[in-house]
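Notes for the one structure printed next.
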Amino acid sequence: MKENQQRIGVVLCTCGGSLFTEKELERISAGIKSAEIKAEGAAAPEILINSNLCSSEQRRNLVKQIRSGRVVKVVLAACAPVDREQLPSDIARKAGLSDSAVYPVAVKSITGKSRIQRSAAEIRKALVSVSRIPRFEIREIPLTRSVMVLGGGPAGLYTAAELNCLGYPTVVVESREEITGLDAVSGYEGEVFEQRLSGVKLQTGSRLVGIRGQVGRFTARLATPGGEEDQEFGALVVATGVCLDGSESTLYDERIVVPLAELSGKAESLIRRREIRHIAIILDARLEETKASSETAMELAAGLQDPEQRQIYLFCREVRVSSLGMQVLYDRVRESGVQIVKYKGSLTLERIDGGLKIAYRDAIFEQDCELECDLAGISPLGLHSSADSSLAALLGLSTDVQGQLQDNNIHFLPETTNRPGIFVAGACRGQFYLPQIAAEAKNVALAVDRLLRPGTLSVELSSPVVDPDKCILCLTCVRCCPFQAMEVDHQNGVAASIPEACQRCGICVGECPARAITLPAWSDAVLAGQMAEA
């Protein structure tokens, strides 16, 4: 091998012997070694067979092989990247390579009688592509170890407490004059919870009015009672709850239809009569609610139910009891005599003399029904439960169709947003159930810890490159980037990418009307290698 030739390794993971037999490995290896890498400066590939990359010990051995063999690029033939999302970058980082130097091939998803030939063919294509990917510099960016939490509700306090336990200087910024979530959390956790906040700075009467910087090095401008001030931090957690839309107030009146929080007082003030009063509690009026609403409504229904004075009807689309405590509460509510009505479609509310008529479609009997009642309480979260849209715009965060601060899958990605370094927790992302908020606060704290604990952020300088001769500064790339990773280089009068924020998705490349942007790791030559006949 010539001194200046790049050495490429092919890692064949056997999944503990379940993916390839020894004879199949020999056939694949022979097919790979006979392949011609159509690029200058590439030597014949080196075959590195690994029995099980899911094993940390096997990964350590592989890293040693890569380092000792002076391998500069790797084709990783193993599970699909979606199955082991962090595996390629984990191997790259420990082997001292850039992320783009490890090229995954999902051979496990290749099935059928010809899977060996097809696996070898896909690996040969990958060899051609990876040989054409440039070697990128890696920049080490120092990280600020402090964290800012927006919102002093339960989600914000739980997250701050977890971060405090992990040793991160944390400030909680609350726009109101009091930390509103402390009573709720202390009632659930006990007074000992306040001790977990002993090192946390609680800054009330303050709000975020500006932010600059990127992951690991943010600067926030806060409007405080003493004036505006700047604070630096490495990560931001948004836990600001939801905004209840005042336009929905037309559904309420002061006599018959009230918000759920006012129902108990209104029920007690009803004039006593010989006949039993009928009271409705309505969930899911326009939006499906969570089990937090179910818990609140069932507790309220059980407290109001009185066989001699009041009959309570709980309207909902689904009864959410997916925890032991909720099942016990549901049984207690049913035993007290509360009627639980499951409906489908929309409810129709009609004011009648001295009361209210509710028309609905019964989900069990598939019949149209009507119920006359004296009083109704409607959960506001079933009408509107969006996050603060002005804050989302300020931070550049994407929202879903309900206006909440995550447009991705909140179960697969429970704390992330479209902006690296900005995390989300609690009601502003659709989670209202207090025990689940407590659990998810741990996820957020651990995600922040994974980001900040190394002290530096390794960034591969393979983000999009803008041709200054072609760029007309139309700002299409700035507007379309979902990660806020494109900006204006005012000095040169062109668009520019921000390496630490860029996720190399290629949207800006595809959207640029002047074709001024290229993604170096996915150049035309690399893509041609993927499509070439092996």
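The values are calculated or read from the model by the stated rules, or taken from the named source; none is laboratory data. None of the values given here were measured: they were computed from a predicted structure. Here Cβ is always computed from backbone atoms with ideal geometry, including for glycine, and neighbour counts include all displayed protein chains. The accessibility values were calculated without ligands, DNA or RNA, using every heavy atom of the protein model including side chains. Shrake-Rupley method; radii C 1.70, N 1.55, O 1.52, S 1.80 Å.
Quick notes on this one:
- Taken together, the residues in the stretch 349-375 that are assigned to a strand (DSSP E or B), in contact with a Gly (Cβ under 9 Å, 6 or more places away or on another chain) and touching a residue at least 24 places away in the same chain (Cβ under 8 Å) amount to 4.
- Selection over the stretch 372-396 of residues that are open to solvent by less than 30 Å² (accessible area, probe 1.4 Å), among the hydrophobic types (A, V, I, L, M, F, W, C) and modelled with pLDDT of 90 or more gives a count of 7.
- Yes/no for S98 being polar (S, T, N, Q), open to solvent by 30 Å² or more (accessible area, probe 1.4 Å) and touching a Lys or Arg at 6+ places or on another chain (Cβ under 8 Å): no
- Residues located in the stretch 471-488, provided they are in a loop (DSSP other than H, G, I, E, B) and under 16 Å from P520 (Cβ atoms): A485
- Of the residues making up the stretch 327-347, those that are at negative phi and either in contact with a Ser or Thr (Cβ under 7 Å, 6 or more places away or on another chain) or of a type in the set (G, A, S) (or both) are S336, S346.
- Flag for E248 being at pLDDT below 85, surrounded by 16 or more Cβ atoms within 10 Å (Cβ to Cβ) and assigned to a helix (DSSP H, G or I): yes
- Residue under evaluation F423, criteria (1) touching a residue at least 24 places away in the same chain (Cβ under 8 Å); (2) open to solvent by 50 Å² or more (accessible area, probe 1.4 Å); (3) among the aromatic types (F, W, Y), criterion not met: (2)
- Residue identified as in contact with a Gly (Cβ under 6 Å, 6 or more places away or on another chain), open to solvent by 30 Å² or more (accessible area, probe 1.4 Å) and modelled with pLDDT under 85 among E46, E36, E40: E46
- For the stretch 154-196, the set of residues classified as farther than 24 Å from P454 by Cα and of a type in the set (F, W, Y) consists of Y188, F193, listed by residue number.
- Tally of residues being farther than 30 Å from L451 by Cα, in a strand (DSSP E or B) and open to solvent by 20 Å² or more (accessible area, probe 1.4 Å) across the stretch 489-534: 0
- Whichever residue in the stretch 331-348 is assigned to a strand (DSSP E or B) and of a type in the set (D, E, K, R) and, among such residues, is surrounded by the fewest Cβ atoms within 10 Å (Cβ to Cβ): K344
- Residue match in the stretch 6-14 (condition: open to solvent by 30 Å² or more (accessible area, probe 1.4 Å) and either at pLDDT below 80 or part of a helix (DSSP H, G or I) (or both)): no
- The number of residues in the stretch 447-458 being without any contact (Cβ under 8 Å) to a residue 60 or more places away in the chain and loosely packed, with under 15 Cβ neighbours inside 10 Å comes to 2.
- Filtering the stretch 204-222 to residues that are hydrophobic (A, V, I, L, M, F, W, C) and not in a loop (DSSP other than H, G, I, E, B) leaves L208, V209, I211, F218, A220, L222.
- Against the conditions (1) under 35 Å from the mean Cα position of the chain (by Cα); (2) modelled with pLDDT of 80 or more, I28 satisfies every one except (1).
- Count of the stretch 72-95 residues, restricted to those that are farther than 19 Å from S458 by Cβ and more than 31 Å from the chain's Cα centre (by Cα), is 0.
- Residue list for the stretch 262-283, filter: in contact (Cβ under 8 Å) with a residue 60 or more places away in the chain and over 19 Å from E372 (Cα atoms): E262
- Odd one out for R320, checked against (1) under 13 Å from H278 (Cβ atoms); (2) of a type in the set (D, E, K, R); (3) under 31 Å from the mean Cα position of the chain (by Cα): (1)
- A single entry from Q431, Q404 fulfils the requirement of being open to solvent by less than 20 Å² (accessible area, probe 1.4 Å), part of a loop (DSSP other than H, G, I, E, B) and modelled with pLDDT under 90: Q404.
Per-residue answers, yes or no, for (1) more than 14 Å from M148 (Cβ to Cβ); (2) touching a Phe, Trp or Tyr at 6+ places or on another chain (Cβ under 7 Å):
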position: R196; (1), (2): yes, no
position: G199; (1), (2): yes, no
position: V209; (1), (2): no, no
position: P225; (1), (2): yes, no
position: Q231; (1), (2): no, no
position: V242; (1), (2): yes, no
position: L251; (1), (2): yes, no
position: E254; (1), (2): yes, no
position: V258; (1), (2): yes, yes
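- Condition met for A161 (farther than 17 Å from V237 by Cα and in contact (Cβ under 8 Å) with a residue 60 or more places away in the chain): no
- Any hit, the stretch 113-126, residues being farther than 22 Å from I211 by Cα and modelled with pLDDT under 85: yes
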